[in-house]
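Enquirer: The structure follows.
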Amino acid sequence: MASIAIEVPVDASVGAVRELVRIAMENVALKRQMTQLEAEAHRRHRQFRELNRIGIALSAEKDIDRLQSFILTTMRQLTHADGASLWLKMEVDGIPKLFLASSQNHSLDKNTYQAFTVPVDEKSVVGYTVSVGKSQIYDDAYNPPPGKPVGGKSFDAQFGYRTKSMLTVPMRDYHNDVVGAVQLINAKRRFETRLAIDNVETEVVSFQPDDVEMIESIASQAAVALDNKSLLDSIQALFDGFVQASVTAIEQRDPSTAGHSGRVEGLTTRLAREITEIATGKFANVTLTEDQFKELRYACLLHDFGKVGVREHILIKAKKLVPGRLEVIQARFEFIERSVQVKYATEKLEAMKSGRNGSTIEEIDRRLEAELEQLNEWVKSIAAANEPTVMPEDKASMLEFLSRQTYFDIGGNAHPMLEPQEFRFLSIRKGTLDPQERLEMESHVTHSFHFLTKIPWTPVMKSIPEIAYGHHEKLDGSGYPRGLTGDQIPLQARMMTISDIYDALTAQDRPYKRAVPPSTALDILHEEAAQGKLDRDLLDIFVAKKIYLPAAAR
Ligand SMILES: [Fe+2]
Ligand SMILES: [Fe+2]
């Protein structure tokens, strides 16, 4: 109550006193008005600050469920509403419907959410609000303003509740289109009050016209935030689809590596989770953020993408010789065999002509037999040398011997039994690739790197190319393509190297090598760690936490 003091001079006339009182009254009214305006300005300022805070929080929240529940909780706090629900418009078979996206109720213990849709029509309060695009205030949902739908009854019947006051506002996106609605129910005197059927009448109050403007404003901010979020989600889904398609493209070129990228991703992510959780020792301070996990996932999925730049015959080369070459060599030896038979048949004929029979012929047959056996032996050895196993010393020298042996074609021209190219491939000591082919195979890492640097990663994922680039590097510098050492190799790449080797060893047979059992694979990894090639601490965790086993067996 505004008060004002007036001092009346003792000799004042009645008229003057009256005038004085009138002015004093006016002052009182002005003072009251000023107080009200000040309070209003203060309230507006607080509201503005609150809306600002909410706006920032809305745009910062990345998780759609948390975003929706933040929207409802905030609106309930601001209006003291007991319950709230969020409805989003979507088309089902071309017909617009509103589906319940999220709901809250302070007084009901059970979860009131259920997958639920209502038509956009005048039969329900949310449907009506969206149809007319205007906020609806009900003092009693059971006794709506004339011509408007009743609210809350089926919900109340299901949950033993009484919906009384109700505020339903449309949500508009930045095109000003109605994209959904928010419904608040039962505004209370005190926010903390839990409602029961018997205290609804005393505790529930009406929503205020002031609330409408504010809730409408938040609802529209929320619509934009949800729209942004679903846009982000669809970009994410689009990108994931693209990554998945890329992985399929890589793995289709070499079917024996199917699933490799996904398994490397699984193993590496599990290892990284363990490292993040470890609170002591070398990795105590290593904590990967969720963004870094995402970064690591993509790096793993795409680490071998560069294989698209490796020619197929190298990628899937199963034997040391190029396909068809062994058959050429075998045909050549058949020809040599025929030549040898002709040579000995001629010799026998000559012997018979000159009357030498019996022991001479037998001796010629023995020599023929021995020479054919020798040829046969060589052909078998060549076929064995063509296999991708480590070559023993004696086989290597036999190949060298053959490359220096000659035979004569029908024209009488001399040729080596093994051509220099054939000798070179067959002499590969390990695997199936000669040094040049190996370099091309190894170039997949550089291809991966160049490919990945072309993608405009967001700042939080900028390390993806570098992580993938390091997946064949070894701590002692013996890896490729850059021969990095120790800390030059990112920790994430070191984790991936362990997973990559483990999976390459244990995955199904590949044309160029057989799968080994997990225990053998771990032995090989330990050996490499002992040689200073792999991070021993990471490997210890990989083994101790049984990262390599399927979840059920850990
Ligand atoms: Fe690789
Ligand atoms: Fe790989």
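Enquirer: If a residue must be within 21 Å of Asp63 (Cβ to Cβ) and open to solvent by less than 50 Å² (accessible area, probe 1.4 Å), how many such residues does region 90-124 contain?
Expert: 6
Enquirer: Given the criteria within 15 Å of ligand 2 (Cβ to nearest atom) and surrounded by 17 or more Cβ atoms within 10 Å (Cβ to Cβ), does Ser448 qualify? Explain how you work it out, then say what you get.
Expert: Values: within 15 Å of ligand 2 (Cβ to nearest atom): yes; surrounded by 17 or more Cβ atoms within 10 Å (Cβ to Cβ): yes.
So Ser448 passes the test.
Enquirer: Another question, if that's okay. Could you tell me which of the residues Glu422, Glu393 is modelled with pLDDT under 90 and either in contact with a Gly (Cβ under 6 Å, 6 or more places away or on another chain) or away from ligand 2 (no atom under 16 Å from the Cβ) (or both)?
Expert: Values: Glu422 fails: modelled with pLDDT under 90.
Answer to the selection: Glu393.
Enquirer: Could you check, for region 75-83, whether at least one of its residues is within 20 Å of Thr193 (Cα to Cα), free of Cβ contacts under 8 Å to residues at least 60 places away in the same chain and either out of contact with any Phe, Trp or Tyr (no Cβ under 6 Å at 6 or more places or on another chain) or part of a strand (DSSP E or B) (or both)?
Expert: First, pick out the residues of region 75-83 that are within 20 Å of Thr193 (Cα to Cα): 75-83.
Those left that are additionally free of Cβ contacts under 8 Å to residues at least 60 places away in the same chain: none.
No, region 75-83 has no match at all.
Enquirer: If I filter region 127-148 for residues that are over 22 Å from Met214 (Cα atoms) and either acidic (Asp, Glu) or open to solvent by less than 20 Å² (accessible area, probe 1.4 Å) (or both), do I get at least one hit?
Expert: Scanning region 127-148, I find no residue that is over 22 Å from Met214 (Cα atoms) and either acidic (Asp, Glu) or open to solvent by less than 20 Å² (accessible area, probe 1.4 Å) (or both), so the answer is no.
Enquirer: Of the numbered conditions (1) open to solvent by 20 Å² or more (accessible area, probe 1.4 Å); (2) within 16 Å of His303 (Cβ to Cβ); (3) touching a residue at least 24 places away in the same chain (Cβ under 8 Å), His471 satisfies every one except a single condition; which is it?
Expert: (1) is the only condition that His471 fails.
Enquirer: Yes or no: Gln492 assigned to a helix (DSSP H, G or I), within 23 Å of Val543 (Cβ to Cβ), within 26 Å of the chain's Cα centre (by Cα) and not aliphatic (A, V, I, L, M)? Lay out the reasoning, then the answer.
Expert: Working: assigned to a helix (DSSP H, G or I): yes; within 23 Å of Val543 (Cβ to Cβ): yes; within 26 Å of the chain's Cα centre (by Cα): yes; not aliphatic (A, V, I, L, M): yes.
Here the answer is yes, as Gln492 does meet what is asked.
Enquirer: Taking Leu78, is it of a type in the set (A, V, I, L, M, F, W, C), within 24 Å of Ser206 (Cα to Cα) and surrounded by fewer than 11 Cβ atoms within 10 Å (Cβ to Cβ)? Before you say what the answer is, go through the steps one by one.
Expert: Working: of a type in the set (A, V, I, L, M, F, W, C): yes; within 24 Å of Ser206 (Cα to Cα): yes; surrounded by fewer than 11 Cβ atoms within 10 Å (Cβ to Cβ): no.
Considered against the rule, which asks whether it is of a type in the set (A, V, I, L, M, F, W, C), within 24 Å of Ser206 (Cα to Cα) and surrounded by fewer than 11 Cβ atoms within 10 Å (Cβ to Cβ), Leu78 comes out as no.
Enquirer: Then there is this: In region 292-303, what residues are assigned to a helix (DSSP H, G or I) and either without any contact (Cβ under 8 Å) to a residue 12 or more places away in the chain or of a type outside the set (Asp, Glu) (or both)? Full working, then the answer.
Expert: Here is the first cut: in region 292-303, the ones assigned to a helix (DSSP H, G or I) are 292-301.
Gln292, Phe293, Lys294, Leu296, Arg297, Tyr298, Ala299, Cys300, Leu301 - these are the residues of region 292-303 that are assigned to a helix (DSSP H, G or I) and either without any contact (Cβ under 8 Å) to a residue 12 or more places away in the chain or of a type outside the set (Asp, Glu) (or both).
Enquirer: While we're here: Determine if region 164-173 includes at least one residue that is more than 30 Å from Asn228 (Cβ to Cβ), touching a helix residue (DSSP H, G or I) at 6+ places or on another chain (Cβ under 8 Å) and either without any contact (Cβ under 8 Å) to a residue 60 or more places away in the chain or not assigned by TED's automatic domain parsing to the domain that holds Asp82 (or both). Lay out the reasoning, then the answer.
Expert: Residues of region 164-173 more than 30 Å from Asn228 (Cβ to Cβ): 164-165.
This time we only want the ones that are touching a helix residue (DSSP H, G or I) at 6+ places or on another chain (Cβ under 8 Å), so: 164.
So of that shortlist, the ones also either without any contact (Cβ under 8 Å) to a residue 60 or more places away in the chain or not assigned by TED's automatic domain parsing to the domain that holds Asp82 (or both) come out as 164.
Within region 164-173 (the criterion being more than 30 Å from Asn228 (Cβ to Cβ), touching a helix residue (DSSP H, G or I) at 6+ places or on another chain (Cβ under 8 Å) and either without any contact (Cβ under 8 Å) to a residue 60 or more places away in the chain or not assigned by TED's automatic domain parsing to the domain that holds Asp82 (or both)), the answer is yes, since at least one residue qualifies.
Enquirer: Moving to a separate point now. Looking only at region 462-488, count how many residues are assigned to a loop (DSSP other than H, G, I, E, B) and either within 15 Å of ligand 2 (Cβ to nearest atom) or closer than 15 Å to Ala529 by Cα (or both).
Expert: The first filter runs over region 462-488 and keeps only residues assigned to a loop (DSSP other than H, G, I, E, B), leaving 462-463, 470-475, 477-484.
Then drop every residue that is not either within 15 Å of ligand 2 (Cβ to nearest atom) or closer than 15 Å to Ala529 by Cα (or both), which leaves 470-475, 477-481.
Of the residues in region 462-488, 11 are assigned to a loop (DSSP other than H, G, I, E, B) and either within 15 Å of ligand 2 (Cβ to nearest atom) or closer than 15 Å to Ala529 by Cα (or both).
Enquirer: Would a scan of region 147-155 turn up a residue that is of a type in the set (Phe, Trp, Tyr), more than 23 Å from Leu67 (Cα to Cα) and out of contact with any Ser or Thr (no Cβ under 7 Å at 6 or more places or on another chain)?
Expert: Residues of region 147-155 that are of a type in the set (Phe, Trp, Tyr), as a first pass: 155.
Applying the additional criterion that residues be more than 23 Å from Leu67 (Cα to Cα) yields 155.
Restricting the remaining residues to those that are out of contact with any Ser or Thr (no Cβ under 7 Å at 6 or more places or on another chain) gives none.
Looking through region 147-155, none of the residues is of a type in the set (Phe, Trp, Tyr), more than 23 Å from Leu67 (Cα to Cα) and out of contact with any Ser or Thr (no Cβ under 7 Å at 6 or more places or on another chain).
Enquirer: Residue check: is Glu265 in contact with a Cys (Cβ under 8 Å, 6 or more places away or on another chain), assigned to a helix (DSSP H, G or I) and within 15 Å of ligand 2 (Cβ to nearest atom)?
Expert: On the way: in contact with a Cys (Cβ under 8 Å, 6 or more places away or on another chain): yes; assigned to a helix (DSSP H, G or I): yes; within 15 Å of ligand 2 (Cβ to nearest atom): yes.
So Glu265 passes the test.
Enquirer: Continuing with this model, one more query. Check off (1) open to solvent by 40 Å² or more (accessible area, probe 1.4 Å); (2) in contact with a Lys or Arg (Cβ under 9 Å, 6 or more places away or on another chain) for Thr287 and give me the number that stays unchecked.
Expert: If we test Thr287 against (1) open to solvent by 40 Å² or more (accessible area, probe 1.4 Å); (2) in contact with a Lys or Arg (Cβ under 9 Å, 6 or more places away or on another chain), just (2) comes out false.
Enquirer: Can I ask one more? Can you tell me which residues in region 503-554 are under 20 Å from Ile278 (Cβ atoms) and either touching a residue at least 60 places away in the same chain (Cβ under 8 Å) or acidic (Asp, Glu) (or both)?
Expert: Leu534, Asp535, Asp537, Leu538, Asp540, Ile541, Phe542, Lys545, Ile547, Tyr548
Enquirer: Could you tell me which of the residues Arg297, Arg270 is open to solvent by 70 Å² or more (accessible area, probe 1.4 Å), away from ligand 2 (no atom under 15 Å from the Cβ) and not β-branched (Val, Ile, Thr)? Explain how you work it out, then say what you get.
Expert: Numbers: Arg297 fails: away from ligand 2 (no atom under 15 Å from the Cβ).
Going through Arg297, Arg270 in turn, the sole match is Arg270.
Enquirer: In region 185-214, what residues are farther than 18 Å from Tyr138 by Cβ and small (Gly, Ala, Ser)?
Expert: Result: Ala196, single match.
Yes/no per residue for (1) without any contact (Cβ under 8 Å) to a residue 60 or more places away in the chain; (2) out of contact with any helix residue (DSSP H, G or I) (no Cβ under 7 Å at 6 or more places or on another chain):
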residue	(1), (2)
Thr129	yes, yes
Asp156	yes, yes
Phe159	yes, yes
Arg162	yes, no
Ile185	no, yes
Arg189	no, no
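Enquirer: Checking the structure you have, find out if any residue of region 438-445 is charged (D, E, K, R), within 15 Å of ligand 1 (Cβ to nearest atom), open to solvent by 70 Å² or more (accessible area, probe 1.4 Å) and not in a loop (DSSP other than H, G, I, E, B).
Expert: Taking region 438-445 and keeping what is charged (D, E, K, R), we get 438, 440, 442.
Add one more test, that the residue is within 15 Å of ligand 1 (Cβ to nearest atom), and what stays is 438, 440, 442.
Then drop every residue that is not open to solvent by 70 Å² or more (accessible area, probe 1.4 Å), which leaves 438.
Then keep just the ones that are not in a loop (DSSP other than H, G, I, E, B); that gives 438.
Checking region 438-445: at least one residue is charged (D, E, K, R), within 15 Å of ligand 1 (Cβ to nearest atom), open to solvent by 70 Å² or more (accessible area, probe 1.4 Å) and not in a loop (DSSP other than H, G, I, E, B).
Enquirer: Continuing with this model, one more query. Of everything in region 304-338, what is open to solvent by 60 Å² or more (accessible area, probe 1.4 Å), more than 16 Å from ligand 2 (Cβ to nearest atom) and part of a helix (DSSP H, G or I)? Give them in sequence order.
Expert: As a first pass, look at region 304-338 and keep what is open to solvent by 60 Å² or more (accessible area, probe 1.4 Å): 308, 311-313, 316, 319, 323, 325, 327-328, 330, 334-335, 337-338.
The next check asks that each one be more than 16 Å from ligand 2 (Cβ to nearest atom); those that pass are 311-313, 319, 323, 325, 327-328, 330, 334-335, 337-338.
Result: Glu312, His313, Arg325, Glu327, Val328, Gln330, Glu334, Phe335, Glu337, Arg338.
Enquirer: Among residues belonging to region 243-266 that are farther than 18 Å from Gln492 by Cβ and of a type in the set (Ser, Thr, Tyr), point out the one that is farthest from ligand 1 (Cβ to nearest atom).
Expert: Here the answer is Thr248.
The values are calculated or read from the model by the stated rules, or taken from the named source; none is laboratory data. A quick note: this is a predicted structure, and the numbers were derived from the prediction, not measured. Neighbour counts are summed over all protein chains in view; Cβ atoms, including those assigned to glycine, are modelled from backbone coordinates with ideal geometry. For accessibility, only protein heavy atoms count, side chains too; no ligands or nucleic acids. Shrake-Rupley method; radii C 1.70, N 1.55, O 1.52, S 1.80 Å.
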